[in-house]
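Everything below concerns the one structure shown next.
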Amino acid sequence: MLQKNARITEKLKKIKPTGIRRLFEVAREIPNAINLGIGEPDFTSPKHVIDAIEKALKNGKTHYSPNFGIPELLEAISIKMKREYGLSYDAENQILVTIGAMEAFFLGLMAVIKPGDEVLIPDPGFLCYEPAVWLTGGVPVHYPLLESRNFGLDEEAVRSLITEKSRVMVINSPHNPTGSVLSYDELSKLAKLAVEHDLIVISDEVYEKITYDGVKHYCMATFPGMKDRTIVINSFSKTYAMTGLRIGFAVGPEDLIRAMGLIHQYSVVCVSTPTQYGALAALEGPQDFVEGMVREFDRRRKLICSRLCEISGIKCVIPKGAFYVFPNIKEFGMSSEKFAEYLLKEAKVATVPGSSFGRYGEGYLRISYAASYEQIEEAMDRIEKAVKKLKGV
Ligand SMILES: Cc1ncc(COP(=O)(O)O)c(C=O)c1O
């Protein structure tokens, strides 16, 4: 028999487990700890979504659905894309319902990557991107999102990383972990680069509805030359607080969506059928849940930013989207991991070290405001005290 470490595929050896779970496990053991590390809304899914799932279950919708999704949901997604972005996607051939945006991301890569193809991913960036690229045979190439540009685009940096092997560019706006939202101009520049270098774009728009201060989200497929080369991946996880229900979707050109659908068909068959009815209710039902959630996130964002800015030694770009803030802690001369450990031990507040999101994330923390206003107030008091202690004041 093969040695244990030889039984596992080589590809996996490039992937390390994230330290985040371990940090959260430690936090769970600490009485009164406040977790500001969470990457999902703390709201319960809307009642009409839960009712629709319950109804589907009671009506015997417990069978496989068509592979691409129930026709009503595909149609509702097509209508949404037309209404919100003026984009026409054929419900039969250009839309695929997936197990969250993450399945869509993997399928998109699997459909287009040849071994050794390079995939441009944002850094800091959502921590599932790099493992997904390795696992699908690609090579991740990190493009920086720098604080000096409010974590926006450095066009020249991206351009300089493009080679003959570049195949896919991943874009994520609004952005995890920094909360930045790329402007029309920035997206337009990325679109031009993609066209110029014949790149396929996977645009992760899961935070599309969570923006602040009147900042607008633009769908990547709306830019000239982009619809035919962009796979837009989206989700019900964040917009409708449905993370555990595991449902998202991809829209894009027919050849790519069909290829992704083939892998989906032979791997997972379809998304849980009752959940699809819940997603349909989410799209067709009242949207006041989303508006209320974003309003509350905004209130918390203002609180957290104003409190962080008052703490000597911490600098903070005001985020315009998602539910994260990414403060700079470089002045303390500690690694972000050590700083997060210190806050957990001293202040009993869990945050995520910026280095978890890539090397350009070192020197920062990701603080999520998916916690109650009162918890955030208490957490900020504790962080302020712990930082003062660290500085010896
Ligand atoms: C940028 C980004 N993309 C995708 C996901 C995962 O979405 P889903 O739950 O739909 O798989 C997350 C979750 O944190 C995320 O932050």
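What follows draws every value from the coordinates through simple rules; no lab data is involved. These numbers come from a predicted model, not from an experiment. As a convention, Cβ positions derive from the backbone with ideal geometry for all residues, glycine included, and neighbour counts pool all protein chains shown.
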Item to check | Spacing of the two label points (7 Å from each Cα toward its C-beta) at K389 and N32, in nm | outcome: 1.2
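Compute the length gained on full extension between E346 and K4: take 0.36 nm times their separation in residues and subtract their Cα-Cα distance, giving the result in nm to one decimal. Write out the running numbers ahead of the final one.
Working: separation 342, 0.36 × 342 = 123.12 nm, distance 3.98 nm.
The span from E346 to K4 would gain 119.1 nm if fully extended.
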Next on the checklist: Through the Karplus equation 6.51 cos²θ - 1.76 cosθ + 1.60, θ set to phi - 60°, convert the phi angles of segment 91-103 into ³J(HN,Hα) values in whole Hz; use x for Gly and Pro.
Outcome noted: 4, 7, 10, 10, 9, 9, 8, 10, 7, x, 5, 5, 5
Checklist entry - Quick one: Karplus J couplings for segment 142-148, per residue in order, coefficients 6.51, -1.76, 1.60, θ = phi - 60°, nearest Hz, x for Gly and Pro? => result 8, 9, x, 10, 9, 4, 4
Checklist entry - Could you state the number of Å between the C-alpha centres of segment 1-64 and segment 280-340? => result 22
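Would you calculate, for the chain, the mean residue ellipticity at 222 nm contributed by helices, counting each DSSP H stretch of 4 or more residues as -39,500 (n - 2.57) and dividing by all residues, to the nearest 500?
-12500 deg cm²/dmol
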Item to check | Amide H partners (placed H, <5 Å) of S203, local residues excluded | outcome: I171, I231, V232, I233
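Considering Cα pairs under 8 angstrom that are at least six residues apart, work out the relative contact order of the chain and quote it in whole percent. Display every interim value, and only then the final one.
Details: 744 pairs, mean separation 93.2, N = 393.
Relative contact order comes out at 24 percent.
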Item to check | Whole-number Å³ per residue for the convex hull built on Cα positions in the chain | outcome: 160
Checklist entry - By DSSP, what percent of the beta bridges with both residues in the chain are antiparallel, rounded to the nearest 5? => result 45
Checklist entry - For segment 57-154, with the dipole built from +1 on Lys and Arg beta-carbon atoms and -1 on Asp and Glu ones, taken about the Cα centre, which of V119, L153, A91 lies farthest toward the positive end? => result A91
Checklist outcome for this item: Across I121, I50, I210, the residue with the highest GNM fluctuation in the chain (Cα network, 10 Å cutoff) is I50
Item to check | Cα-projected label distance for D228 with D213, points at 7 Å along beta-carbon direction, nm | outcome: 3.8
Item to check | segment 45-56 - phi-based ³J(HN,Hα) in whole Hz, Karplus 6.51/-1.76/1.60, Gly and Pro as x | outcome: 3, x, 4, 5, 6, 5, 4, 5, 5, 4, 5, 4
